[in-house]
Amino acid sequence: MSKQSPGVVFGKRLLRSGSSLSKLIAAAVLCSLLPIASEARSRGQEPTFEMGTFYLCLLVKGPNFNPAETPQNASWGQAHIKHMLSLLESGRVVVAGPFTDDDRIRGVIVTTAASADEARSWAEADPAVKAGHFGVEVLQWYAAKNVMKKPDTPLTPVIYYLAFLKRGPKWTPESTPETNALQEAHMANIRSMAAAGKLVIAGPFTKAPPYAGVFVFKVATLEEAKSLAEADPTVKAGRLVAEIHPWSIPKGSLP
């Protein structure tokens with residue numbers, strides 16, 4: 001995939017989108033580029049960005065989900081970790097980790113698969129999925145490729161906060177002066193959060209309602225992540241809602 005300036009990438013994405021919501025969420029691509037742009041300019045270089053399509057596999061509670069500590073769970077748990085490590089080592093997965101809260105979604109895997117079917121096949125080869133402990137849901141995601149990197153070794157878990165942006169109660173597909181003004185405020189806010197180093201990557205989902213996009217925050221607490229997400233103009237207006245989870249991933253995977 002060719003490298004393009006953020007303006008070109010953003011413009012093409014808007015031309016393809018056609019809906020006000022897609023414009024709002026496509027703006028989030030910009031904030032995934034800002035940390036890289038800042039680093040490049042500090043070296044006297046003009047940044048370029050390679051955008052790409054990823055497939056997020058959501059590991060959700062399966063029909064045989066059982067959080068109890070049993071010998072059987074310990075056995076497939078070790079096999080699950082071994083499978084995840086093999087996906088990371090092979091480059092088929094760029095970021096992976098569990099949510100540390102008790103929610104329907106237990107973790108997220110960001111894959112480099114060429115299709116949703118391929119991503120699903122990788123996730124379904126997991127012994128924990130085969131055992132029915134987890135189910136798999138696949139979402140197509142658009143983001144900067146050079147933000148997510150192979151983790152440091154030895155692997156050390158760190159907490160980020162992943163916010164799913166979903167269609168809110170006041171979402172509408174129409175473009176009006178009011179929604180356009182809200183879009184501009186939304187864009188200004190995501191640029192501000194990224195420039196402050198609190199938002200490290202973001203991007204829109206493709207045809208995955210009610211999911212619209214993702215914010216990943218690098219902040220000290222869940223409360224701070226919630227405050228940032230809820231202060232976004234689109235969330236305050238009810239066009240989007242944010243569902244936030246503590247995400248434990250290997251250090252070095254994200255800035």
*From the list 163, 220, 237, 229, which one is modelled with pLDDT of 95 or more, open to solvent by 20 Å² or more (accessible area, probe 1.4 Å) and either touching a Gly at 6+ places or on another chain (Cβ under 9 Å) or closer than 18 Å to residue 143 by Cβ (or both)?*
237
*Being farther than 18 Å from residue 246 by Cα, in contact with a Ser or Thr (Cβ under 8 Å, 6 or more places away or on another chain), among the charged types (D, E, K, R) and surrounded by fewer than 16 Cβ atoms within 10 Å (Cβ to Cβ) narrows it down to one of 149, 130, so name that one.*
149
*Are there any pairs, at least 6 apart or on different chains, whose C-beta atoms fall under 6 Å, with the first in the range 115-126 and touching a residue at least 60 places away in the same chain (Cβ under 8 Å) and part of a helix (DSSP H, G or I) and the second open to solvent by less than 60 Å² (accessible area, probe 1.4 Å) and among the hydroxyl-bearing types (Ser, Thr, Tyr), and if so, which?*
116/55; 119/55; 119/111
*Which residue out of 157, 177 is without any contact (Cβ under 8 Å) to a residue 40 or more places away in the chain and not β-branched (Val, Ile, Thr)?*
177
_Of the criteria (1) at pLDDT below 95; (2) touching a Leu at 6+ places or on another chain (Cβ under 9 Å); (3) assigned to a strand (DSSP E or B), which one residue 142 fails_ = (2)
*For residues that are open to solvent by 40 Å² or more (accessible area, probe 1.4 Å) and in contact (Cβ under 8 Å) with a residue 24 or more places away in the chain, scanning just the range 104-114, find the one that is nearest to residue 53 (Cα to Cα).*
112
*Just need a number here: residues in the range 59-97 that are of a type in the set (Val, Ile, Thr) and in contact (Cβ under 8 Å) with a residue 40 or more places away in the chain.*
3
*Counting just the residues of the range 145-169 that are among the hydroxyl-bearing types (Ser, Thr, Tyr) and part of a strand (DSSP E or B), which one comes out farthest from residue 249 (Cα to Cα)?*
161
*Which of the following residues is more than 17 Å from residue 143 (Cβ to Cβ) and hydrophobic (A, V, I, L, M, F, W, C): 208, 242?*
242
_Flag for residue 249 being closer than 21 Å to residue 103 by Cα, among the aliphatic types (A, V, I, L, M) and open to solvent by 20 Å² or more (accessible area, probe 1.4 Å)_ = no
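The values are calculated or read from the model by the stated rules, or taken from the named source; none is laboratory data. If you're wondering where the values come from, they're calculated on a predicted model, not measured in any experiment. Every residue, glycine among them, receives a Cβ derived from its backbone with ideal geometry; neighbour counts consider all protein chains shown. Heavy atoms of the whole protein, side chains included, go into the accessibility calculation; ligands, DNA and RNA do not. Shrake-Rupley method; radii C 1.70, N 1.55, O 1.52, S 1.80 Å.
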